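Reviewing the structure listed below.
The values are calculated or read from the model by the stated rules, or taken from the named source; none is laboratory data. Computed from a predicted structure; not experimentally measured. Every residue, glycine as well, gets a Cβ built from its backbone with ideal geometry; the counts of neighbours run over all protein chains shown.
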Ligand code: BQZ
């Protein structure tokens, strides 16, 4: 029996009068075929070892101005700053070969740094800041160019790993002799502090939300020696873990800075720990290529090269090639405008409102920036809060909405009240947007159109579903009323949206208008990025508009977030204050599918599991998909080594995908935008960068 016939039967079994239902209910279909939109650039696929490796080289090199620090006795020689076997980026894989030192990349971002304590959940402002400061055990961004048969995370701080015979444990070998940007050794103490006192501590949520569920139920981590740790699992060879060891869930912070500030080892409260390293705490130790040396609120964050960066090119040149990074604190829309105009150097063109003008400018002869569209991997969804037992301490009104959200007819009514074709066109005309059913995005590896259930736009059908949910306009004011046992008042729900993006606001306003037409009164709750994220994670919302995450693009990234596999893995449904979960039957099924996917190593089985996931998620509306469209990478033409076909978003954002430590500007094109030329980071907490003299 096809998915569609089964859905219809279910509705009939639910006691709907066949005549009435058949007359009004519009059956679900497969999602409409997206308009053809060929990604402009195609990656050059290579095996992982073509990109990088770990080995000792005969000699190493560094920028001349850094040599002056060594000569002044302010820095040990480069050989001593590097690990015994540094990570070597193969120049053969660099589109323009080995680079030269110098110049700066000028980012413009819409986020605002809260501080440097990533481990305690500080946003660093996004837009490539945290991706640049935080290094993780494995690396995933560059995987867009890895041959499918060799697809697995790249070694990074974990230079290698070994599975035990029975597949129940994974021994991880850390890079030996690497140092934080202040010269403090990186070792197992940093990794174990992150595991024991961040991931396992229920009072702490690191940025990007790592929690015990992220790594598979019952997983433990043990220190073996200074440079070796071992994961032990409750299932056999869960290779998925290698992705969870990448960005954003296993990027350890500097134990020598965090432990003294952690409530378990100090008098600090958890709030004081979270705020222990504000944005103006400069020179905060990082493992990344650049270190924050200047911060001007609402103006700029400046970073200088990390003299202890533990990666080199295969000619022995210590990376990065770029000496400075700027993050101008503006808006995401301004990022597009400045990148296309050439006053900024980089943008993920992800807001359709800027597509046409950016394409026009980039097509001009003298355009300063290259623009390349990738696959359709940006999506927007409308997500209900499915908790009925108190997550987010709802008041009476909010609790009523939660109970409605848990009613499948209410969710189906919401879905069919939305004209998703029109929503997409309200963002940009042309072949960019396509109606998105929800679940995995079209154009992605595990997406299967046949397994996807799409509730087409039909106001009549929406009203029929609302009637099934017991909603009727009993007082004739055009707004549906709750059933008597729920108080009988008008249905009023709040819709949360992120004001950092014009796209989020446009989509939200479109949804409000369409739901109003269907008799649902929606009040918009517009919040800036950091507040939006905090309110979402606390469960204080009825419905929210949000851009889709990596889990709905790759399936293998942040996989635990695809369903409520643990008490705080799903942003639609977390445990209440007592730690209790009240999952709906389809959520139970989704969670089991995802657990099976995380512990399976059989490619075919994983594909079948994802088909099942797609059907259950879209049939039950585990979030209502709205629209999906491609994004474009915009990079100033003076930068070399930008890999062909770099998607703005896949396993990670383009700020990781392009491997910025390998980008360089040929000498004859270098511009003097550096704010602190020939300086290096100072000591942690000290003001500004320092000079050799
Ligand atoms: C890219 C990205 C790099 C976070 C953030 C921001 C946060 C979310 C999301 C994107 C920004 C840019 O996205 O939009 O193009 O530069 O930073 O980290 O939306 O508010 O919480 O998930 O990645």
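Some observations on this one:
- Of the residues making up region 106-144, just one is under 15 Å from the mean Cα position of the chain (by Cα), over 27 Å from residue 262 (Cα atoms) and within 10 Å of the ligand (Cβ to nearest atom), namely 127.
- Of all residues in region 637-680, those satisfying the criterion of being over 24 Å from the mean Cα position of the chain (by Cα), outside any loop (DSSP other than H, G, I, E, B) and either over 25 Å from residue 135 (Cβ atoms) or within 16 Å of the ligand (Cβ to nearest atom) (or both) are 667, 668, 669.
- Qualifying residue in region 594-605 (condition: in contact (Cβ under 8 Å) with a residue 60 or more places away in the chain, surrounded by fewer than 20 Cβ atoms within 10 Å (Cβ to Cβ), closer than 28 Å to residue 46 by Cα and more than 16 Å from the ligand (Cβ to nearest atom)): yes
- Residues of region 338-353 classified as under 21 Å from residue 505 (Cβ atoms) and within 12 Å of the ligand (Cβ to nearest atom), total: 5
- Single unsatisfied condition, residue 502 versus (1) within 14 Å of residue 418 (Cα to Cα); (2) within 16 Å of the ligand (Cβ to nearest atom); (3) surrounded by fewer than 21 Cβ atoms within 10 Å (Cβ to Cβ): (1)
- Unique match (being closer than 29 Å to residue 457 by Cβ, within 16 Å of the ligand (Cβ to nearest atom) and either modelled with pLDDT of 95 or more or surrounded by fewer than 21 Cβ atoms within 10 Å (Cβ to Cβ) (or both)) among 589, 551, 509, 619: 551
- Pairs where the first residue, in region 338-357, is over 25 Å from residue 425 (Cβ atoms) and the second is within 15 Å of the ligand (Cβ to nearest atom) and part of a loop (DSSP other than H, G, I, E, B), C-beta under 6 Å, 6+ apart: 338/344
- When 84, 68 are screened for being outside any loop (DSSP other than H, G, I, E, B), out of contact with any strand residue (DSSP E or B) (no Cβ under 8 Å at 6 or more places or on another chain) and either crowded, with 20+ Cβ neighbours inside 10 Å or in contact (Cβ under 8 Å) with a residue 40 or more places away in the chain (or both), only 68 passes.
- Search result, residues across region 526-543 that are crowded, with 18+ Cβ neighbours inside 10 Å and more than 14 Å from the ligand (Cβ to nearest atom): 539, 541, 542, 543
- Meets criteria (modelled with pLDDT of 95 or more and assigned to a strand (DSSP E or B)) for residue 625: yes
- Every pair of residues 6+ apart whose Cβ atoms lie under 6 Å, when the first sits in region 120-147 and is free of Cβ contacts under 8 Å to residues at least 24 places away in the same chain while the second is within 11 Å of the ligand (Cβ to nearest atom) and assigned to a helix (DSSP H, G or I): none
- Residue check for residue 335: within 16 Å of the ligand (Cβ to nearest atom) and part of a loop (DSSP other than H, G, I, E, B): no
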